[in-house]
1. Could you say which residue among Val62, Val44 is out of contact with any strand residue (DSSP E or B) (no Cβ under 9 Å at 6 or more places or on another chain), of a type outside the set (D, E, K, R) and either farther than 22 Å from Gly172 by Cα or modelled with pLDDT of 90 or more (or both)?
2. Pairs only if they're at least six apart or on different chains, beta carbon under 7 angstrom, first in the stretch 230-247 and within 22 Å of His175 (Cβ to Cβ), second at pLDDT 75 or above and not in a helix (DSSP H, G or I); list them, first residue then second.
3. All but one of (1) in a helix (DSSP H, G or I); (2) under 16 Å from His209 (Cα atoms); (3) modelled with pLDDT under 90 hold for Arg30, so report the exception by its number.
4. Taking the stretch 166-224 as the search range and keeping residues that are among the β-branched types (Val, Ile, Thr) and in a helix (DSSP H, G or I), which one is nearest to Leu78 (Cα to Cα)?
5. Being of a type outside the set (S, T, N, Q), part of a strand (DSSP E or B) and within 25 Å of Ala220 (Cβ to Cβ) is true for just one of Ala121, Ala115. Which residue is that?
6. One residue is enough: does the stretch 87-103 have a residue meeting the conditions over 26 Å from Lys200 (Cβ atoms), in a helix (DSSP H, G or I) and more than 21 Å from the chain's Cα centre (by Cα)?
Amino acid sequence: MSDLIEHFHNRFDVLIGQGDALKDEAYRLRYQVYCVERGHGAEVAAANLRERDTFDDHATHVVVKDRSCGTNKATARLITAGETREGRFPIEHDYPDLLAQHGITEDLLPRHRTAEISRFAISKELRERRPGTSLPPNSSALDTREQTLPQGALHRRPLVTFGLLLGLIRLGASHDITHCMAVMKPSLLRMLSRFGVHFKPIGKPVEYHGLRQPCYTSVADLLAGIYNVSPELWQLLAYDEVALAQAKQLIAHPMPIPVQDKPSHRRRRDLPRRYAMPEAQQAAESRRFG
């Protein structure tokens with residue numbers, strides 16, 4: 001097991017479920033992020049210090065908890081249309097004609113196997129982390145300069161973001177989800193793209209507490225992007241049985257096999273070269289490595 005994986009599992013818990021206690025933890029963190037720090041709906045939520053809406057009763061939540069200090073660092077939720085009272089996604093509630101206007105049909109997003117990701121909230125401590133700055137005690141904004149990880153193991157990428165993605169992929173597997181959509185800040189989409197997680201836009205950005213981009217992707221494309229771009233995150237997925245089973249089911253390509261020595265020491269030629277690559281890139285890789 002690599003130092004990265006061992007450190008992640010020793011430091012963080014990825015909590016998933018629909019129980020009242022977990023929901024309450026998600027609502028409290030969302031209140032801090034959305035209402036206190038950003039001022040969205042602060043007056044409405046101030047009465048009980050929780051941020052929630054009508055879709056929360058039908059959502060499954062992910063919370064990433066830092067064991068070292070016992071605090072929640074990030075949360076997100078996943079909603080399927082069949083679980084809501086009206087049989088509609090939140091994006092359809094807020095923008096009723098958006099999908100039809102941009103040709104998003106059942107072929108692109110099979111309704112019974114599509115979920116919407118929303119309320120992607122990360123603690124301010126991690127969002128404001130900048131390269132070269134000092135870390136407060138018990139901080140979770142870990143990067144390559146910390147002594148707990150070897151140089152080069154993780155380049156300024158918060159582990160809690162990895163934890164959220166891992167939890168959402170596990171949720172997708174448990175709900176038999178093959179596609180997902182969201183309405184995200186452009187800055188969040190840029191951050192996810194650094195991990196190989198790319199969403200396709202649905203029209204132009206819309207106004208919702210600032211500019212947000214409606215978007216969608218398939219889980220197969222999401223997993224393939226992570227594998228090709230972010231070996232650190234793929235290591236975490238490959239050691240998670242549920243996530244790995246989801247990947248094997250959705251992608252008809254050879255899968256990397258977790259090894260007990262440090263994956264970062266493997267040569268590139270030891271990895272499957274034709275995994276989710278265009279034919280031209282496959283040929284180039286074959287010529288390069290013989």
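1. Details: Val62 fails: out of contact with any strand residue (DSSP E or B) (no Cβ under 9 Å at 6 or more places or on another chain).
Result of the check over Val62, Val44: Val44.
2. Leu233/Phe195
3. Checking Arg30 against (1) in a helix (DSSP H, G or I); (2) under 16 Å from His209 (Cα atoms); (3) modelled with pLDDT under 90, the one that fails is (3).
4. Kept after step one, since they are among the β-branched types (Val, Ile, Thr), are these residues of the stretch 166-224: 169, 177-178, 183, 197, 202, 206, 217, 219.
Adding the requirement that they be in a helix (DSSP H, G or I) leaves 169, 219.
Working: Ile169: 10, Val219: 13 Å.
The extreme case among them is Ile169.
5. Step by step, each of Ala121, Ala115 is checked, and only Ala115 is of a type outside the set (S, T, N, Q), part of a strand (DSSP E or B) and within 25 Å of Ala220 (Cβ to Cβ).
6. Pass one, the stretch 87-103, residues over 26 Å from Lys200 (Cβ atoms): none.
Checking the stretch 87-103: not a single residue is over 26 Å from Lys200 (Cβ atoms), in a helix (DSSP H, G or I) and more than 21 Å from the chain's Cα centre (by Cα).
The values are calculated or read from the model by the stated rules, or taken from the named source; none is laboratory data. Nothing here was measured: the structure is a model prediction, and the numbers come from that model. Backbone-built Cβ (ideal geometry, glycine too); neighbour counts: all protein chains shown.
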